[in-house]
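The values are calculated or read from the model by the stated rules, or taken from the named source; none is laboratory data. Values in this document were obtained by computation on a predicted structure and should not be read as measured data. Cβ: placed from backbone, ideal geometry, glycine included. Neighbour counts: every protein chain shown. SASA here: full protein model, heavy atoms, side chains in, ligands and nucleic acids out. Shrake-Rupley method; radii C 1.70, N 1.55, O 1.52, S 1.80 Å.
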Amino acid sequence: MATAAEKEGVVLLDFWVSPFGQRCRIALAEKGVEYEYKEENLIDKSPLLLKMNPIHKKIPVLIHHGKPICESLIIVQYIDEVWSNNPLLPSDPYERAKARFWADFVDKKVYECGTRLWKLKGEAHEEARKDMIEILKLLEGELGDKKYFGGETFGFVDVAVAPFTAWFYTYETCGKFSVDEECLKLAAWAKRCKGRESVSKSVHDPHKVYEFVGKLKKKFGLE
Ligand SMILES: N[C@@H](CCC(=O)N[C@@H](CS)C(=O)NCC(=O)O)C(=O)O
């Protein structure tokens with residue numbers, strides 16, 4: 001008998017610590033979609049990954065009935081369109097554009113700055129530290145007094161940012177700052193997100209993320 005995942009025809013090519021992959025896992029969980037999870041070895045990529053994402057050769061890739069969808073934010077939007085229960089994007093076009101702007105902001109700023117924070121030393125590191133605090137404060141400004149970025153309900157921007165909460169500990173430790181102290185409202189939002197099953201089951205323990213970054217540093221001779 002076909003499993004629920006086979007019936008839905010959904011496969012996710014992913015890598016456990018990837019914030020981009022975690023976005024897809026959160027969105028699928030929010031929609032209650034069953035899927036087959038396939039962990040990739042990014043050092044030795046599978047023929048399936050290379051076939052499904054020949055352009056970027058990166059995870060995540062969502063395969064739906066044999067057809068690939070690449071790039072996490074595009075995948076989350078696809079999931080939102082195909083499974084219309086619990087909508088993630090707002091229905092109002094202006095609000096939708098705003099949500100896409102902030103998700104794009106996260107893509108352009110958070111990951112890049114986080115990488116500078118654990119990779120660089122000296123002045124460049126100090127600059128990354130300042131940039132990260134500013135980025136988090138800008139995000140907090142958009143959150144304001146709302147429960148979620150999406151307002152009363154968990155939405156597209158929440159999905160885009162939530163995986164990075166597991167990276168906060170790494171950013172804090174490498175940057176010697178505290179999200180709790182710098183961005184109280186953002187820290188409270190992160191705790192609210194963690195309380196959601198979709199997030200807690202998709203996002204890994206911050207200490208494991210830190211351990212993973214430690215291994216990367218060793219690999220790149222950055223210790
Ligand atoms: N913009 C892409 C980024 C995906 C990405 O950077 N994936 C990384 C893992 S976190 C990857 O597959 N890296 C393998 C490589 O670069 O060879 C998205 O949003 O999906």
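Residues in segment 197-209: is at least one open to solvent by 20 Å² or more (accessible area, probe 1.4 Å), among the aliphatic types (A, V, I, L, M) and either in the same structural domain as Q77 (by TED's automatic domain parsing) or without any contact (Cβ under 8 Å) to a residue 12 or more places away in the chain (or both)?
As a first pass, look at segment 197-209 and keep what is open to solvent by 20 Å² or more (accessible area, probe 1.4 Å): 197, 200-201, 203-208.
Pick out the ones that are also among the aliphatic types (A, V, I, L, M) and you get 203.
Cutting the leftovers down to either in the same structural domain as Q77 (by TED's automatic domain parsing) or without any contact (Cβ under 8 Å) to a residue 12 or more places away in the chain (or both) gives us none.
Looking for residues that are open to solvent by 20 Å² or more (accessible area, probe 1.4 Å), among the aliphatic types (A, V, I, L, M) and either in the same structural domain as Q77 (by TED's automatic domain parsing) or without any contact (Cβ under 8 Å) to a residue 12 or more places away in the chain (or both), one finds none in segment 197-209, hence no.
For first residues located in segment 92-117 and under 16 Å from S72 (Cβ atoms), partners that are part of a helix (DSSP H, G or I) and open to solvent by 30 Å² or more (accessible area, probe 1.4 Å) and lie 6+ apart or on another chain with Cβ distances below 7 Å form the pairs W102/E142. If I filter segment 210-223 down to residues being farther than 29 Å from D158 by Cα and of a type outside the set (K, R), which single residue comes out as surrounded by the most Cβ atoms within 10 Å (Cβ to Cβ)? By that ranking, first place goes to L222.
In summary, K176 fulfils each of the numbered conditions (1) in contact (Cβ under 8 Å) with a residue 40 or more places away in the chain; (2) within 26 Å of S91 (Cβ to Cβ) with the single exception of condition (2). Go through (1) over 22 Å from D205 (Cβ atoms); (2) in contact with a helix residue (DSSP H, G or I) (Cβ under 7 Å, 6 or more places away or on another chain); (3) not basic (K, R) one by one and return the number of the condition L184 breaks. L184 satisfies every listed condition except (2). Is one or more of the residues making up segment 130-144 farther than 30 Å from D80 by Cα and surrounded by 14 or more Cβ atoms within 10 Å (Cβ to Cβ)? Within segment 130-144 (the criterion being farther than 30 Å from D80 by Cα and surrounded by 14 or more Cβ atoms within 10 Å (Cβ to Cβ)), the answer is yes, since at least one residue qualifies. Screening G155 against (1) under 15 Å from the mean Cα position of the chain (by Cα); (2) within 15 Å of the ligand (Cβ to nearest atom) leaves a single unmet condition, (2). The set of residues in segment 9-63 being surrounded by fewer than 20 Cβ atoms within 10 Å (Cβ to Cβ) and in contact with a His (Cβ under 8 Å, 6 or more places away or on another chain) consists of G9, W16, V17. Screening P68 on (1) closer than 29 Å to T170 by Cβ; (2) free of Cβ contacts under 8 Å to residues at least 24 places away in the same chain shows it passes everything except condition (1). Of all residues in segment 99-115, those being crowded, with 17+ Cβ neighbours inside 10 Å and more than 15 Å from the ligand (Cβ to nearest atom) number 1.
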